[in-house]
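The values are calculated or read from the model by the stated rules, or taken from the named source; none is laboratory data. Only a predicted model underlies this, so the values are computations on that prediction, with no experimental measurement involved. Here the Cβ positions follow ideal geometry from the backbone for every residue, glycine too, while neighbour counts run over all protein chains shown. For accessibility, only protein heavy atoms count, side chains too; no ligands or nucleic acids. Shrake-Rupley method; radii C 1.70, N 1.55, O 1.52, S 1.80 Å.
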Amino acid sequence: MYTSHEDIGYDFEDDPKDKKTLKPHPDIDGGWAWMMVLSSFFVHILIMGSQMALGVLNVEWLEEFHQSRGLTAWVSSLSMGVTLIVGPFIGLFINTCGCRQTAIIGGLLNSLGWVLSAYAANVHYLFITFGVAAGFGSGMAYLPAVVMVGRYFQKRRALAQGLSTTGTGFGTFLMTVLLKYLCTEYGWRNAMFIQGAVSLNLCVCGALMRPLSPGTDGDDPEGKEPHVLPAHSTESVRSSGQLGGAEEKGGGPGTEDSLGDMPAQACHEKAAHRKDMCAFRVLKTVSRLTMRVRKGFRDWYLGYFGTASLFTNRMFVAFIFWALFAYSSFVIPFIHLPEIVNLYNLSEQNDVFPLTSIIAIVHIFGKVILGVVADLPCISVWNVFLMTNFTLVLSIFILPLMHTYAGLAVICALIGFSSGYFSLMPVVTEDLVGIEHLANAYGIIICANGISALLGPPFAGWIYDITQKYDFSFYICGLLYMVGILFLLIQPCIQIIGQSRKKYIDGANV
């Protein structure tokens, strides 16, 4: 697994006799933990906020390449989908390199994807540069941001996740305005180039992801390199000592020739020693890296396919089915609302205050409020989670019936608030599998969300190409979403019936 005692906030005592005694880490629920919330907040702004604002670029791509809506929507959905689908595989990087290094590499790859996309000659080029490259980089930076917040908080985990994920709402609002301005002033190609430069800030966010304990996340203890003897080590000291003794013993005039060769011999020995030490350090580094890779792969493999596999948890499997249908209902409005507004001739009103910005702003308050409510001792996190899901499904069904800006704004506000349940997903996942399996489990959940995000927008675009309406897209996605919620409701009932049946059989046997 990704999480050990060090990861979840406990250190072993220094005394070997007290190995079983654990002490709480001073940064848990305070100190550097809030810097982790800040880092995760900006990661959500730069990744999830940018992806939710892709509707602006989607309109530009339709005008530039003159392709169908279904094909063009694949660019945005690939980026969103790959970001989440790679979640389980990013776990291998986290096990091997640690969260900090994984996030920094992801920031570089994401920025490269944006920059290369500025030179796209067709939609298929964007599939590779923006959908795959930028999406994979986003996934490498996104999962560490979520996992590290979970590691740093115990008592106020729901609130911390809620605050950090509000970056999605802020980012959607800011990036929508930014991309609109850049596309108007400089064109969409230069806008993507500039956005690539902005995405380099993901590397800064990754640098803030300091592991809880020395040696955690692949860092050397106390952050120090292994001590290496300098060139004038014991061997050179011995040789110089022997030379000095030779000088003292053979102090006659016959020793002058041999003394002339001594400096050259000493330099040769020093050079040979440096070469040996350099080779030793390279071999030690390669050996350490090999061991880390093997251990990381073993932990990753056992977490998904070993005897303690998460797939043996039936409730968690039901949660995966829910995730497969849920995320598309949230993504489709962001991708296609700008086009829907144009079809309804509401562009002027939408330019004053975009509907996607309404979703984003209310989404911020929804995450914080739901996080605070879920942390109350008298409130069940699962009840809050299910109620918000039902509200979001209802909003998706009503959205096609609204043809005025005011009506659409109200529904968008409902979508924004109810989708605040995303801040509860890590908490609900932890309730199902425990803190030690959180990273593995959450990687699977966001992978399922990624499949939903990958297929949802193109599906909506294809339905429009066939019917010339977006209405059926929302109805079908709403129905699939409802099926996912039913999986969550039916599975506990099946477990209760099974337990009751077992007790009845045991009683009859007695």
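State all residues of the range 65-118 that are among the basic types (Lys, Arg) and more than 30 Å from Ile466 (Cβ to Cβ); if no residue qualifies, say none. Don't jump to the end; show me each part of the working.
Just the residues of the range 65-118 that are among the basic types (Lys, Arg), to begin with: 69, 100.
Result: Arg100, single match.
Taking the conditions exactly as written (open to solvent by 20 Å² or more (accessible area, probe 1.4 Å) and either under 16 Å from the mean Cα position of the chain (by Cα) or modelled with pLDDT of 90 or more (or both)), does Ile85 satisfy them or not?
Details: open to solvent by 20 Å² or more (accessible area, probe 1.4 Å): yes; either under 16 Å from the mean Cα position of the chain (by Cα) or modelled with pLDDT of 90 or more (or both): yes.
So Ile85 fits the description; yes.
With Leu438, Leu455, Leu394 as the choices, which residue is under 23 Å from Leu370 (Cα atoms), surrounded by fewer than 24 Cβ atoms within 10 Å (Cβ to Cβ) and either aliphatic (A, V, I, L, M) or in contact (Cβ under 8 Å) with a residue 12 or more places away in the chain (or both)?
On the way: Leu438 fails: surrounded by fewer than 24 Cβ atoms within 10 Å (Cβ to Cβ); Leu455 fails: under 23 Å from Leu370 (Cα atoms).
On inspection, the qualifying residue turns out to be Leu394.
Pairs under 8 Å by beta carbon, first residue in contact (Cβ under 8 Å) with a residue 40 or more places away in the chain in the range 28-57, partner of a type in the set (D, E, K, R) and in a helix (DSSP H, G or I), six or more apart or different chains?
Here the result reads Gly55/Glu339; Val56/Lys180, each pair linking the range 28-57 to a residue that is of a type in the set (D, E, K, R) and in a helix (DSSP H, G or I).
Determine, yes or no, whether His363 is at pLDDT below 85, crowded, with 17+ Cβ neighbours inside 10 Å, closer than 25 Å to Leu78 by Cα and of a type outside the set (Ser, Thr, Tyr).
Numbers: at pLDDT below 85: yes; crowded, with 17+ Cβ neighbours inside 10 Å: yes; closer than 25 Å to Leu78 by Cα: yes; of a type outside the set (Ser, Thr, Tyr): yes.
Yes: the conditions hold for His363.
Take the residues in the range 88-119 that are surrounded by 24 or more Cβ atoms within 10 Å (Cβ to Cβ) and within 12 Å of the chain's Cα centre (by Cα); name whichever of them is modelled with the lowest pLDDT.
Gly91
Results for (1) of a type in the set (Gly, Ala, Ser); (2) at pLDDT 85 or above; (3) in contact with a strand residue (DSSP E or B) (Cβ under 7 Å, 6 or more places away or on another chain); (4) under 18 Å from Thr176 (Cβ atoms), shown as yes or no for each residue.
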{"position": "Pro333", "(1), (2), (3), (4)": "no, no, no, yes"}
{"position": "His336", "(1), (2), (3), (4)": "no, no, no, yes"}
{"position": "Phe353", "(1), (2), (3), (4)": "no, no, no, yes"}
{"position": "Gly371", "(1), (2), (3), (4)": "yes, no, no, no"}
{"position": "Leu386", "(1), (2), (3), (4)": "no, yes, no, no"}
{"position": "Leu392", "(1), (2), (3), (4)": "no, yes, no, no"}
